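What follows is a single structure, written as structure tokens, with notes after it.
The values are calculated or read from the model by the stated rules, or taken from the named source; none is laboratory data. Just so you know, these numbers come straight off a predicted model, no measurement behind them. Cβ coordinates were reconstructed from backbone atoms using ideal geometry, including for glycine residues, and neighbour counts include every protein chain displayed. For accessibility, only protein heavy atoms count, side chains too; no ligands or nucleic acids. Shrake-Rupley method; radii C 1.70, N 1.55, O 1.52, S 1.80 Å.
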Amino acid sequence: MPKKTFYITTPIYYPSGNPHIGHCYTSVACDSIARYRRMQGYDVMFLTGTDEHGLKIEQKAAEKGITPKEYVDEIVAVFKKLWKYMNVDYDRYIRTTDDYHIETVQKIFKELYDKGYIYKGEYSGKYCTPCESFWTDSQLDENGCCPECHRPVTFAKEEAYFFKMSPFADRIEKLLTETDYLQPKTRAVELVNNFIKPGLEDLCVSRTTFKWGIPVTFDDKHVVYVWIDALSNYISALGFLNETYNDYEKFWPADVHMVAKDIMRFHAIIWPAMLMALEQPLPKHLAVHGWITFAGKNGESQKMSKSLGNVVDPFMLGERYGVDAIRYHILREMALGADSAFSNEIMINRINSDLANGLGNLVSRTVAMADKYFGGTLPTERQAEEIDSDFINTVLNTVKDVETEMDGTRIKGALEAIFKAVDRANKYIDETQPWVLGKDESKKARLASVLYNLLDGIRIISTLLSPFMPETMPKVWEQTGASESDVEYDKLSTFGVLPENVTVHKGAILFPRIDVDKEIEELNAIIEKNMADAKSKLSESEKAESSDNSEKIELAPEITIDDFAKIEIRVAKIISAEKIKKSDKLLRLQLDDGMGGRQVVSGIAQYYTPEELVGKKIQIIANLKPVKLRGVESCGMICAADTPDGVKVVFVDDSIPVGSKVR
Ligand code: MSP
């Protein structure tokens, strides 16, 4: 009988800067799932790759004076090196600059055009250069910025091709609300309310303003816009509409596309619409995870990025703690759907508690006792006791629990289940007290039973852990005397698989305990230095923009001094500040403006606590027409700057009296 197949994909990454620990999450998660399915006997296709076209790449290459292809080649090499280092064992790597992918995308575009789903029109609207996305006014955030990256948008107009989305709205709504396509399903409501209910807008799918893209075959002024190009990778890599591969029938539809929340919309709405238009089956699951965030200077949580100077270098972390510890930490912290804050302290404590004290200790104590009391080889005489069954059953039940969690793509849940078994095993040692049994010659058979149960329990636990920590588990098997055939998946539902006279081999400590204080001090010093380096590079050359801050500064159209005179900027003092209910972005500020006071609502709640603001002097646009934000009246606007570290209020020297006019 042919094996069951399993097809899993990561997003294809933009090679616009070196990968960081945030990128590692999706890849390591997919790798672990792929390894788990391989272990279960599936014929697995694990696809990853790079999304190499677009304006951002074209601009960056031009800045460096090299071709876009030369530019991406360099970074793709770093991605591949990182995946090798992190033991991300993909089956296929797609680059959107590969000829076969280009062929597929061109054919898809033409087919959609021939079917009447793609038509030529003109686009005018708000455009976010870094995200390469047009936005409607209603989609912009409360500051009128890009709803995804919160950077300023510019007005843009161009001839473009559009993909008709409306014919698919009903089917997509059903897909999101009535099937388990989207994991976690809680996100479906947000998508339906924000994008489907207001009416699915047609998607702009070509560009004429840059060249670094796949040419539209029947209109060479245009290149295919990023999402049709990027999303098609999942099927071009299997040979859909190309001759390079021949696995489409075998692997499509995908079992799991895993993505982070910022690209959920494209995978939950646009990708199904494209497949519907192409009359192809839809993928089975879209698993959406949050971001690995990093506590910023003000304690606020921000998506990890280079411009924040907070890149946590996966190579550096791997060198310090071992790749498996890093894999374990990021997988264990991130719940599907939620963000996970990266902190050195949480990471080190987790490594110490779960890996050094929990798992490492379990293995080293068991092996050491087998060595001490039996010279490494267990005798075959046994004496079981009632107390054993609870431990044995807990371990056996873990196999089912992990299966349930993995079927729902809940890696954190799977790891929690396995570490419950680790704790249970350590408790079993405390309950049975082998060191007491070891002192009594008449208890040798009982001692052998206890140690055997522990070793066989470790066999099951470590096999379940092997997809997540592939480097360490073979070391555990070596130490605990488990052979390759003992750790087959099919044998996990049976207890007592190891040979009765199993022989252990003492080995190196699996996870050395880390001195938390010393380590944090060292890491903080490294981070400080990295941040200082990043900053000094920025000031050395203003052009040396970081990857996430690559938009060109574009001024609004020129105005005259008379135009400027229409704007009244005045100094005011913040008397009180409070969060507005049901909004995580808005603060209500009461101001002393030297004119009897006023109330202003400002979208800075993510960047400042009320306490940080009260008593400070600021600048306001004093003659701005009042508006209501979330039902609260706002009379004017406070001046703030968009910086790579988020929004910063422009504070004013305390010596300037309130009410003073700024010009
Ligand atoms: N090229 C598109 C994807 C096209 S898929 C058809 C893209 N690339 S990306 O490199 O910007 O991001 C790739 C993935 O990495 C996204 O899911 C993104 O959200 C994820 N991450 C980037 N930074 C991350 C964190 N800090 N934490 C978790 N995931 C992160 O989007």
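A few comments on the model shown:
- Check on K64, within 15 Å of the ligand (Cβ to nearest atom), free of Cβ contacts under 8 Å to residues at least 40 places away in the same chain and of a type in the set (D, E, K, R): no
- Evaluation of I638 against (1) β-branched (V, I, T); (2) surrounded by fewer than 19 Cβ atoms within 10 Å (Cβ to Cβ); (3) touching a strand residue (DSSP E or B) at 6+ places or on another chain (Cβ under 7 Å) (one fails), failing number: (2)
- Of note, K69 satisfies the criterion of being more than 13 Å from the ligand (Cβ to nearest atom) and out of contact with any Asp or Glu (no Cβ under 6 Å at 6 or more places or on another chain).
- Residues that are more than 13 Å from the ligand (Cβ to nearest atom) and without any contact (Cβ under 8 Å) to a residue 12 or more places away in the chain are absent from the stretch 16-32 altogether.
- The residues of the stretch 122-169 that are in contact with a Gly (Cβ under 9 Å, 6 or more places away or on another chain) and of a type in the set (G, A, S), listed by number, are A156, A160, S166, A169.
- For the stretch 364-399, the set of residues classified as within 20 Å of K491 (Cα to Cα) and touching a residue at least 60 places away in the same chain (Cβ under 8 Å) consists of D388, F391, I392, V395, L396, T398, V399, listed by residue number.
- Screening F168 on (1) at pLDDT 95 or above; (2) surrounded by fewer than 19 Cβ atoms within 10 Å (Cβ to Cβ) shows it passes everything except condition (2).
- Selection status of E201, of a type in the set (D, E), over 29 Å from D31 (Cα atoms), open to solvent by 10 Å² or more (accessible area, probe 1.4 Å) and not in a helix (DSSP H, G or I): yes
- Filter result for the condition that a residue is in contact (Cβ under 8 Å) with a residue 24 or more places away in the chain, among the small types (G, A, S), touching a Cys at 6+ places or on another chain (Cβ under 7 Å) and not assigned by TED's automatic domain parsing to the domain that holds A640, over A169, A160: A160
- I270 part of a helix (DSSP H, G or I) and farther than 26 Å from D43 by Cα: yes
- Some residue of the stretch 228-238 being in contact (Cβ under 8 Å) with a residue 40 or more places away in the chain and open to solvent by 10 Å² or more (accessible area, probe 1.4 Å): no
- Cβ pairs under 8 Å, 6+ apart, first in the stretch 276-290 and touching a residue at least 40 places away in the same chain (Cβ under 8 Å), second among the polar types (S, T, N, Q): H285/Q183; H285/T409; L286/Q183; A287/Q183; A287/T409; V288/Q183; H289/T26; G290/S340
- Residue within the stretch 570-579 that is crowded, with 18+ Cβ neighbours inside 10 Å, of a type in the set (V, I, T) and at pLDDT 85 or above present: yes
- Residue match in the stretch 200-218 (condition: within 12 Å of the ligand (Cβ to nearest atom), at pLDDT 95 or above and within 30 Å of K69 (Cα to Cα)): no
- Hey, Q183 under 28 Å from the mean Cα position of the chain (by Cα), open to solvent by 20 Å² or more (accessible area, probe 1.4 Å) and not hydroxyl-bearing (S, T, Y) or not: yes
- Scope the stretch 351-385; condition more than 30 Å from G318 (Cα to Cα), open to solvent by 10 Å² or more (accessible area, probe 1.4 Å) and part of a helix (DSSP H, G or I); matching residues: M369, D371, K372, Y373, F374
One line per residue, one yes/no per condition, for (1) more than 25 Å from A338 (Cα to Cα); (2) open to solvent by 10 Å² or more (accessible area, probe 1.4 Å):
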| position | (1), (2) |
| --- | --- |
| L396 | yes, yes |
| E405 | no, yes |
| D423 | yes, yes |
| E431 | yes, yes |
| A448 | yes, no |
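- Which listed residue is within 25 Å of D371 (Cβ to Cβ), in a helix (DSSP H, G or I), touching a residue at least 12 places away in the same chain (Cβ under 8 Å) and among the small types (G, A, S), from A448, A414: A448
- Single unsatisfied condition, D91 versus (1) more than 15 Å from the ligand (Cβ to nearest atom); (2) more than 14 Å from T10 (Cβ to Cβ): (2)
- Matching entry among F266, F251 (being of a type outside the set (G, A, S) and touching a helix residue (DSSP H, G or I) at 6+ places or on another chain (Cβ under 6 Å)): F266
- Residue among N246, N194, N242 that is away from the ligand (no atom under 16 Å from the Cβ) and crowded, with 19+ Cβ neighbours inside 10 Å: N242
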